[in-house]
Amino acid sequence: MVTASATRTDAAHPVPAQAGIGLRAPHHREFLEQRPQIPWVEVHSENFFAAGGRQLEVLDAVRRDYGISLHGVGLSIGSTDRLDAEHLRRLKRLVERTQPALVSEHLSWSSVNGVFSNDLLPMPHTAEALAHFSAHVSEVQDFLKRQILIENVSSYLRFPENSMTEWQFITELAQHSGCGILLDVNNVYVSARNHGFDADAFIAAIPVALIQEIHLAGHTVVSDEDGELLIDTHDAPVTDQVWDLYARTIARTGLLPTLIEWDSQLPTLDRLIAEARRADALAGVRHARVA
């Protein structure tokens, strides 16, 4: 039996330029029984930080036939706090165990003085924040001994101190730190609607070579007397507007690994896979049977 602290030596499956799904606990049993014909899955890193147990057994079983992407939500890279050494240690142990093709986190912060918010809070887009975030990304990459991807997040307010656009910030971050970019197309659309900028301009401004993965998800529209606010909820199908933006994105970038995120109000596994099939259909991808 392989222990959680052991380092994997068996080869990991790649994450190809096709659509995968976010694999959540309610679908674990059905996924292992059906072994659907998709090439890769993404899991939230923190859900597998334990030193053993059923979660890790499931991940071991999945990784034998599928590519794995580890997506973190709790490292709080942008915080003024020091990076959590225990969090990093557990992440490194998981990376060594699973040998994922991709490891990612968010362009955000979630904590101050050790007190955590249950949200991915946006960064101010300033030179000082860029230097701070770049240093923390470099620290993470040095510790893991591998590149990570950083994802743009949805936002609902803008800082008056901003001296650059979000797309300038994330591009310079990748160029300074050597990280890759996880481009969340839904988040671009949500932020563009909330703040009144051109979503296509955001995407067009990022050098294609820096983008290594795409996320697609659903969002919620909230209306009141002040107008509409779009909220990134991950609890609904991808909207037609986001599908259209995705089609224009891959027309520019070419095929990239694309993840369907659906984290709450989960649909059936078949419905989730159908969303991935739609992404592949837009990209003209043909499917090969999983061995």
*If only one of Ile260, Ile231, Ile273 is in contact with a Ser or Thr (Cβ under 6 Å, 6 or more places away or on another chain), of a type in the set (Val, Ile, Thr) and touching a residue at least 40 places away in the same chain (Cβ under 8 Å), which one is it?*
Ile231
*the stretch 212-224 residues that are without any contact (Cβ under 8 Å) to a residue 24 or more places away in the chain and closer than 25 Å to His44 by Cα, paired with ones that are assigned to a strand (DSSP E or B) and among the aliphatic types (A, V, I, L, M) (beta carbon under 6 Å, 6 or more apart)*: Thr220/Ile231
*Give the residues of the stretch 65-89 that are closer than 23 Å to Trp40 by Cα, modelled with pLDDT of 95 or more and out of contact with any helix residue (DSSP H, G or I) (no Cβ under 6 Å at 6 or more places or on another chain), sorted by residue number.*
Asp65, Tyr66, Gly67, Ser69, His71
_Just checking, does the stretch 203-212 include any residue being surrounded by fewer than 20 Cβ atoms within 10 Å (Cβ to Cβ) and in contact with a Ser or Thr (Cβ under 6 Å, 6 or more places away or on another chain)?_
yes
*Residue by residue through the stretch 269-283, note down the ones that are touching a helix residue (DSSP H, G or I) at 6+ places or on another chain (Cβ under 8 Å) and within 13 Å of Gly22 (Cα to Cα).*
Leu269, Leu272
*Look through the stretch 28-59, keep the residues that are of a type in the set (Asp, Glu) and out of contact with any strand residue (DSSP E or B) (no Cβ under 6 Å at 6 or more places or on another chain), and return whichever of them is farthest from Leu75 (Cα to Cα).*
Glu33
*What single numbered condition from (1) crowded, with 19+ Cβ neighbours inside 10 Å; (2) among the hydrophobic types (A, V, I, L, M, F, W, C); (3) under 26 Å from Arg248 (Cα atoms) fails to hold for Val140?*
(3)
*Kindly check whether there is at least one residue in the stretch 117-127 that is touching a residue at least 12 places away in the same chain (Cβ under 8 Å), surrounded by fewer than 17 Cβ atoms within 10 Å (Cβ to Cβ) and touching a strand residue (DSSP E or B) at 6+ places or on another chain (Cβ under 8 Å).*
no
_For the structure I just gave you, tell me whether Arg82 is without any contact (Cβ under 8 Å) to a residue 24 or more places away in the chain, in a loop (DSSP other than H, G, I, E, B) and either under 18 Å from Ser138 (Cα atoms) or out of contact with any Asp or Glu (no Cβ under 7 Å at 6 or more places or on another chain) (or both)._
yes
*All but one of (1) modelled with pLDDT of 95 or more; (2) closer than 16 Å to Asn187 by Cα; (3) within 17 Å of the chain's Cα centre (by Cα) hold for Ala205, so report the exception by its number.*
(3)
_Residue count, the stretch 235-252 (criterion: surrounded by fewer than 19 Cβ atoms within 10 Å (Cβ to Cβ) and either among the polar types (S, T, N, Q) or part of a loop (DSSP other than H, G, I, E, B) (or both))_ = 5
_Restricting to the stretch 144-154, and then to whatever is touching an Asp or Glu at 6+ places or on another chain (Cβ under 8 Å) and polar (S, T, N, Q), can you tell me which residue is farthest from Lys92 (Cα to Cα)?_
Ser154
*Within the stretch 102-116, track down each residue that is buried (at least 21 other Cβ atoms within 10 Å of the Cβ), of a type in the set (A, V, I, L, M, F, W, C) and farther than 22 Å from Ser163 by Cβ.*
Leu102, Val103
*Would you pick out the residues in the stretch 68-122 that are closer than 15 Å to Phe133 by Cα and acidic (Asp, Glu)?*
Asp81, Asp84, Glu105
*Hey, can you tell me all the residues within the stretch 85-99 that are out of contact with any Phe, Trp or Tyr (no Cβ under 7 Å at 6 or more places or on another chain) and assigned to a helix (DSSP H, G or I)?*
Ala85, Glu86, His87, Arg89, Leu91, Arg93, Val95, Glu96, Arg97, Thr98
*Look through the stretch 221-245, keep the residues that are of a type in the set (A, V, I, L, M) and out of contact with any Phe, Trp or Tyr (no Cβ under 6 Å at 6 or more places or on another chain), and return whichever of them is nearest to Trp262 (Cα to Cα).*
Ala236
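The values are calculated or read from the model by the stated rules, or taken from the named source; none is laboratory data. All values reported here derive from a predicted model rather than from experimental measurement. Neighbour counts run over all protein chains shown; Cβ positions are idealised from the backbone, glycine included.
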